[in-house]
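K.L.:
A single structure is presented below for examination.
The values are calculated or read from the model by the stated rules, or taken from the named source; none is laboratory data. For clarity, every value in this text was computed on a predicted model and none was experimentally measured. So basically every Cβ, Gly included, is an ideal-geometry build from the backbone, and we count neighbours across all protein chains shown. Side chains are part of the model used for accessible areas, which takes the heavy atoms of the whole protein and leaves out ligands, DNA and RNA. Shrake-Rupley method; radii C 1.70, N 1.55, O 1.52, S 1.80 Å.
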Amino acid sequence: MKHLQIAVGIIRNSQQEIFITQRAADAHMAGFWEFPGGKLEQGETPEHALRRELLEETGIVVQTAVLLKTLEHTFSDRLVTLSFYMVEAWEGEPFGREGQPMRWVKQSALLAPEFPPANAAIIELLTANC
């Protein structure tokens, strides 16, 4: 079974809003909303991958990222290890740099059914702590 390690950024502004993007139509779990991030490349640490992916996907330069939680999720064809980082300091204004739909949503208004199943536990944690 394929094992993917993924770094995920929970970009939160001072109004307690979180930046989310929509997965591409041709991607695994297409159409779901997600926290930006991506797969670790060979030799990368999760934090390095997070910084690279957020720059590529949202155009921001991460100043601080704090590991919030690491979760594993098994799909029928793959195992994913997700490292979720809280990002509250960055340079630039996040946007869908790859043309993907994006929006800011109140942390308290995150809805687990709009996200891939692997995100359910982190959304529960985020909505319980706001």
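K.L.:
So which residues in the stretch 10-55 are among the polar types (S, T, N, Q) and either closer than 19 Å to Phe95 by Cβ or in a strand (DSSP E or B) (or both), if there are any at all?
P.N.:
Asn13, Ser14, Gln15, Thr21, Gln22
K.L.:
Another question, then. Please specify each residue of the stretch 102-130 satisfying the condition of being modelled with pLDDT of 95 or more and outside any helix (DSSP H, G or I).
P.N.:
Across the stretch 102-130, the qualifying residues are Met102, Arg103, Trp104, Val105, Lys106, Leu110, Leu111, Phe115.
K.L.:
Give me the residue from the stretch 99-130 that is within 14 Å of Gln22 (Cβ to Cβ) and of a type in the set (S, T, N, Q) and, out of that set, least open to solvent (accessible area, probe 1.4 Å).
P.N.:
Asn119
K.L.:
Going by the structure shown, is Gln22 surrounded by fewer than 17 Cβ atoms within 10 Å (Cβ to Cβ) and at pLDDT 90 or above?
P.N.:
no
K.L.:
On to the next question. From Gly92, Gly96, Gly38, grab the single residue that is exposed (fewer than 14 other Cβ atoms within 10 Å of the Cβ) and of a type in the set (Gly, Ala, Ser).
P.N.:
The conditions single out Gly92.
Residue by residue, here is whether (1) of a type in the set (A, V, I, L, M, F, W, C); (2) in contact with a strand residue (DSSP E or B) (Cβ under 7 Å, 6 or more places away or on another chain) holds:
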| residue | (1), (2) |
| --- | --- |
| Leu82 | yes, yes |
| Gly92 | no, yes |
| Glu98 | no, no |
| Leu110 | yes, yes |
| Pro116 | no, yes |
| Ala121 | yes, yes |
| Ala128 | yes, no |
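K.L.:
In addition: May I ask you to say which residue of Gly9, Gly92, Gly38 is of a type outside the set (D, E, K, R), in contact with a Ser or Thr (Cβ under 9 Å, 6 or more places away or on another chain) and over 18 Å from Ala112 (Cα atoms)?
P.N.:
Within the list Gly9, Gly92, Gly38, the selection yields Gly92.
K.L.:
Checking His73 against (1) open to solvent by 40 Å² or more (accessible area, probe 1.4 Å); (2) part of a strand (DSSP E or B); (3) at pLDDT 95 or above, only one condition comes out false. Which one?
P.N.:
Of (1) open to solvent by 40 Å² or more (accessible area, probe 1.4 Å); (2) part of a strand (DSSP E or B); (3) at pLDDT 95 or above, only one is false for His73: (3).
K.L.:
Could you tell me which of the residues Val62, Val80, Val87 is under 16 Å from Leu4 (Cβ atoms), open to solvent by less than 20 Å² (accessible area, probe 1.4 Å) and either part of a strand (DSSP E or B) or of a type outside the set (Val, Ile, Thr) (or both)? Working first, answer last.
P.N.:
Numbers: Val62 fails: under 16 Å from Leu4 (Cβ atoms); Val87 fails: under 16 Å from Leu4 (Cβ atoms).
The conditions single out Val80.
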